[in-house]
Amino acid sequence: SQQGEEDPQALSIQEGENATMNCSYKTSINNLQWYRQNSGRGLVHLILIRSNEREKHSGRLRVTLDTSKKSSSLLITASRAADTASYFCATSLTGANSKLTFGKGITLSVRP
Amino acid sequence: EAQVTQNPRYLITVTGKKLTVTCSQNMNHEYMSWYRQDPGLGLRQIYYSMNVEVTDKGDVPEGYKVSRKEKRNFPLILESPSPNQTSLYFCASRSGGAAIRYTFGSGTRLTVV
């Protein structure tokens, strides 16, 4: 069953602009992660935020988590053409055998 | 280099012909998993393994088998492939316990005709 749902499904911006992507989920989680996928390639882990955290930064990435609204956002600042990719949020429940459940992804296009 | 290696990258096969997609990781990870990715459906988990000889079904296990005889290897077996198993497959691994960041392989694009 799909846990995370990203919004929008597709986003096209100009290089240098900020890109904001949202993710909503349905049940209580242990942590939420964002991954990037370049066309047809494997997923690359970007950032993880735990359920007791509200905001995290990593380079040009900023992720927020609102557990009361069951939502997260990923902000990419000063976007580059190389940021063009699909972005997925993935949630993990508690427990050692917890799996990652992915949303359907957001396609980001950054125009040079 | 720490990585998850899948083989083959591309495979075209015919209905009913058994095939195996291999997955190997060099990070001594306990947990390994297989996902399939289909347009409009995102990534769905097929099977996972918490450690050697411990495997369990994910969300879409029908038509697939796995084994975990060694810690580093987690092959995906399609005993009798069908066209609806045409998909992009990913193997992923992570260490156990609270470490939940996954490392993904580069993917195997399977076409069943």
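The values are calculated or read from the model by the stated rules, or taken from the named source; none is laboratory data. If you're wondering where the values come from, they're calculated on a predicted model, not measured in any experiment. Don't worry about glycine lacking a Cβ; one is built from the backbone with ideal geometry, like all the others, and counts go over all protein chains shown.
Of note:
- In the set A:29, A:47, only one residue is of a type in the set (A, V, I, L, M), in a loop (DSSP other than H, G, I, E, B) and touching a residue at least 12 places away in the same chain (Cβ under 8 Å); that residue is A:29.
- Of everything in the range B:104-113 that is buried (at least 21 other Cβ atoms within 10 Å of the Cβ) and in a strand (DSSP E or B), the residue that is farthest from the chain's Cα centre (by Cα) is B:110.
- Options A:75, A:93: the member that is within 24 Å of residue B:93 (Cα to Cα), surrounded by fewer than 21 Cβ atoms within 10 Å (Cβ to Cβ) and among the hydrophobic types (A, V, I, L, M, F, W, C): A:93
- Checked against the criterion of being at pLDDT 95 or above, in a loop (DSSP other than H, G, I, E, B) and not aliphatic (A, V, I, L, M), the candidates A:79, A:72 yield just one match: A:79.
- Annotation: residue A:12 fulfils all but one of (1) out of contact with any Ser or Thr (no Cβ under 6 Å at 6 or more places or on another chain); (2) assigned to a strand (DSSP E or B); (3) away from chain B (no Cβ under 13 Å); the unmet one is (1).
- Restricting the range B:76-103 to residues that are part of a loop (DSSP other than H, G, I, E, B) and surrounded by 17 or more Cβ atoms within 10 Å (Cβ to Cβ), the residue that is farthest from the other protein chains (Cβ to nearest Cβ): B:81
- Looking across the range B:56-75, the residues that are over 17 Å from residue A:92 (Cα atoms), charged (D, E, K, R) and assigned to a loop (DSSP other than H, G, I, E, B) come down to B:62, B:68, B:69, B:70, B:71, B:72.
- Qualifying residue in the range B:85-94 (condition: farther than 22 Å from residue A:34 by Cβ, modelled with pLDDT under 95 and of a type in the set (D, E, K, R)): no
- Among the residues of the range A:53-69, none qualifies, meaning not one is surrounded by 14 or more Cβ atoms within 10 Å (Cβ to Cβ) and at the interface with chain B (Cβ under 10 Å from one of its Cβ atoms).
- Applying the criterion of being under 26 Å from residue B:83 (Cα atoms) and not in a strand (DSSP E or B) to the residues of the range B:1-24, the residue that is nearest to the other protein chains (Cβ to nearest Cβ) is B:9.
- Only one entry in B:27, B:50 is hydrophobic (A, V, I, L, M, F, W, C), within 9 Å of another protein chain (Cβ to nearest Cβ) and surrounded by fewer than 18 Cβ atoms within 10 Å (Cβ to Cβ), namely B:50.
- Meets criteria (at pLDDT 95 or above and either in contact with a Pro (Cβ under 9 Å, 6 or more places away or on another chain) or over 26 Å from residue A:89 (Cα atoms) (or both)) for residue B:36: no
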